[in-house]
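Dumping the structure here so I can ask a few things about it.
The values are calculated or read from the model by the stated rules, or taken from the named source; none is laboratory data. The structure displayed is predicted, hence computed values, not measured ones. FYI the Cβ positions are ideal-geometry reconstructions off the backbone, even for glycines, and counts take in every protein chain you see. These area figures cover heavy atoms from the full protein model, side chains too; ligands, DNA and RNA do not enter into them. Shrake-Rupley method; radii C 1.70, N 1.55, O 1.52, S 1.80 Å.
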Amino acid sequence: MNSETTTQMTLTSPYLLLISCVATIAGILGWRWWKQHTVYKDLKSFPSPPRHWLLGNLPEILAAVKQKKFSQLIFDWSQELGPIYVYWIRYPILVLCKPKLIEETIINGMRDGTLIRSKRANQAWNDIAGPILLGQTASEWQWRRKAWNPEFSSSGISKYMDIISQGCEQTIRTIKATESPEAICVDPLFIELTMRVISSLLLGIPIDKQAVTPEGPPLDPAKVYEATSILSYRFLRVATGQKMWMKYLPTKNSRAYWGARKYLEDLVGPRVDLALQMREQKKTDFGQISSLFQESMLVKIAAKEPQYNRESLLAEVMELLLAGTDTTAHTLSFAVGELALNQRVFRKARGIIDQVWQNYGGINVGSLKDLDYIRGIVKETLRLYSVASGSTSLEVERETVIEGKIIPRGTKIFWSMLAAGRDPEVYPQPDEFLPERWLERKGSSPLPMIDFGSGSHRCLGEHLSMLEATVMLSLLLRYFDWELVNGRSSLEQLEQNLLIYPVDKMPVRFWLRYSVNHLPLTQPELTVL
Ligand code: HEM
């Protein structure tokens, strides 16, 4: 090779590189344009928010996630565009806002295989700490779900009534200890309650704040909540487009993510190790281990399901701590808020609770059947404040038809439970707080209740959540009158981490009821069972 040729190549190679880069980008853009105009052409008949020619609606989505208003944006678009619309990122996302349509699409689509769970959302779930129920499909999901189902079934959960009641009683005592008229923020209070309950059920950590925990570090609800919030917000960012490898960059967010994982691993790890030792019978002397731990779900599941190893048990426990806490806690806060603003509902519920006390002496397994109205309050709260509106999406695996229109393979399916909960055809007077609508009505079919999800991945913790919220609201109604310090704005100023929550943490002023004022807060009034 002579020196002239070498000089020519050196000069031309940057140009070649540039040309091939431009050609590649042009190819990708052309391919995308072609896909949108051919493969996805049928979706153009659906309304759509205005979008950037190249980035589609991605900038608005990312901005909404950053401002903690993602579900609000999806809801706002539904108000402008109607109950079924499409927004675009690299691919189209069909958003459904009608409860029955959402329910049927998920159930039927997943049953016949035309829809699958979104690969990106699954990856984002599994990247929280390892493979978990929420991120698994097919047989990998099946054996996990089969293991946990009996524990979280209605009868399985009622065995833990004692623990749930202890937690709720502790919350009542905390409120009672607050000098009225001082206000108390109920959202953190309920987070502490739900965290203590799920940790007790799962890990055998005593509900009692003062009790020691020989099997591992004690529970610090505020710190655990901070850690789970970091992980769940990261899920939302990854599910909506952030690259997973970004967790390896030396950024503040990455440090927070690794710190949160480590904190939770330090709390859960020793207990998982112990449960696995018990399974392997390596540990024969169980004298030092509390009976609460020996009876915990963790020990039962580890013994029952040999496919669980350290990594997968650790990840699953972290998922349950994350899923089992602020879901119920924020729902309770919104319910307390709505009760304060709806005196008719408050008085009716109070009447029912006083009657229950007269008949059963308190809240116990026997009295639960008389608490349909209180469960109606929880469901009505979820209808209006569907805290988990937007945790999953689906993908069209095989071309399908929705609302008479062809939906091509590759389209993502998403839904707004906030919008669905306000569908006036299904829930007349949608802006009114009417728990009565959830009471059984002879001759008419039950209302769709989609806030716990639909289909096979429907919420594992539904019964726990309903029971916990029902007992807590019943005790509050029995013992206190209350008002919202910030009035309706507590129910209007909402943000979203992964879940929707009240920004001001719902400050409430409680007064102990005169008629029960003289009663002690423990035996015999609050004795459960
Ligand atoms: C108000 C309370 C709650 C709401 C609104 C709620 C909502 C949901 C929703 C919408 C799903 C479906 C997600 C999907 O399809 O990907 C789900 C799944 C799940 N929930 Fe809940 N949840 C609540 C309470 C709880 C509690 C207390 C637990 C604790 C055990 C829990 C554990 C789970 C788990 C493990 C799944 C995944 C189930 C699976 O993939 O098979 N949830 N929840």
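Taking the Cβ of Ser254 as the centre, find all other residues whose Cβ is under 10 Å away and add up their charges (Lys, Arg: +1; Asp, Glu: -1).
So the environment of Ser254 carries a net charge of +4.
Now a separate question. Given points 7 Å out from each Cα along the Cα-Cβ axis, report the Arg458 to Ile25 separation in nanometres with one decimal.
5.0 nm
Let me ask something else. Counting each DSSP H run of 4 or more residues in the chain as -39500 (n - 2.57), what helix-only mean residue ellipticity at 222 nm follows after dividing by all residues, to the nearest 500 deg cm²/dmol?
The per-residue figure over the chain is -17000 deg cm²/dmol.
Hey, any idea what % of segment 371-484's accessible area is carbon plus sulfur with a 1.4 Å probe?
About 48 percent, which is the carbon plus sulfur part of the accessible surface.
Could you give the length gained by full extension between Arg344 and Asp162, i.e. 0.36 nm per residue of separation minus their alpha carbon distance, to one decimal place? List each step's numbers first, then the result.
Working: separation 182, 0.36 × 182 = 65.52 nm, distance 3.11 nm.
Answer, rounded to one decimal: 62.4 nm.
For Asn359 paired with Glu280, estimate the spin-label separation in nm (one decimal), with each label point 7 Å from Cα along the Cα-to-Cβ line.
Between Asn359 and Glu280, the label points sit 5.3 nm apart.
Would you mind pulling out the separation of the Cα centroids of segment 54-81 and segment 227-243, in Å?
16 Å
Label points 7 Å out from Cα along the Cβ direction at Tyr248 and Glu483: separation in nm?
In this crude label model, Tyr248 to Glu483 measures out at 5.8 nm.
Among the trypsin sites (Lys or Arg not before Pro) in segment 86-142, which ones are in a DSSP loop with at most 15 other Cβ atoms within 10 Å of the Cβ? Mind listing them?
Passing both the DSSP loop test and the Cβ count: Arg90.
Could I ask something else about it? Less than 19 Å from a label point 7 Å out along the Cα-to-Cβ axis of Cys185: which backbone N atoms in segment 221-263 qualify, by residue?
Once the point is set 7 Å along Cα→Cβ of Cys185, 221-233 turn out to lie under 19 Å by backbone N, inside segment 221-263.
Which is the longest run of the chain containing none of the GluC sites (Glu not before Pro) found in DSSP loop states (not H, G, I, E, B) with at most 10 other C-beta atoms within 10 Å?
183-424
Let me ask something else about it. Taking only Cα atoms, what is the 0 to 90° angle, nearest 10, from helix 343-360's long axis to the longest principal axis of the chain?
50 degrees
Let me ask you something else. How much of Leu55 can a 1.4 Å solvent probe reach, expressed as accessible area in Å² and rounded to 10?
80 Å²
Using R₀ = 41 Å, calculate the FRET efficiency as 1/(1 + (r/R₀)^6) where r is the Cβ-Cβ separation of Arg513 and Arg441; round to 0.05. Let's see the in-between values first.
On the way: r = 32 Å, r/R0 = 0.78.
Computed FRET efficiency for Arg513 and Arg441 comes out at 0.80.
Give the calculated FRET efficiency between Gln67 and Arg173 to the nearest 0.05, with a Förster radius of 56 Å applied to their Cβ-Cβ distance. Kindly include the intermediate steps, with their values, before the conclusion.
On the way: r = 38 Å, r/R0 = 0.67.
Between Gln67 and Arg173 the formula returns 0.90.
So, one more: On a 25 Å Cα-Cα criterion, which of the cross-link pairs Lys41/Lys98; Lys98/Lys412; Lys159/Lys223; Lys44/Lys412; Lys69/Lys146; Lys66/Lys146 come out too long? Intermediate values should be presented prior to the final figure.
Values: Lys41/Lys98 23 Å; Lys98/Lys412 17 Å; Lys159/Lys223 28 Å; Lys44/Lys412 14 Å; Lys69/Lys146 35 Å; Lys66/Lys146 37 Å.
Result: Lys159/Lys223; Lys69/Lys146; Lys66/Lys146 exceed 25 Å.
On to the next question. Rank Lys159, Lys243, Lys41 by accessible area, highest first, at a 1.4 Å probe radius? Before the final figure, lay out the partial values.
Working: Lys159 160, Lys243 90, Lys41 115 Å².
Highest to lowest solvent-accessible surface, that is Lys159, Lys41, Lys243.
Say R0 is 56 Å: what FRET efficiency, to the nearest 0.05, do Ala303 and Tyr15 get from their beta-carbon distance?
The calculated FRET efficiency here is 0.25.
Something else: Taking the chain as the reference, fit the longest principal axis to its C-alpha atoms, fit the long axis of helix 462-479 to the helix C-alpha atoms, and give the angle between the two in degrees, 0 to 90, nearest 10.
40 degrees
For segment 242-367, rounded, prolate or oblate, judged on the Cα gyration tensor with a ≥ b ≥ c (square roots of eigenvalues), a/c < 1.5 rounded, else prolate if a/b > b/c?
It comes out oblate by the Cα gyration axes.
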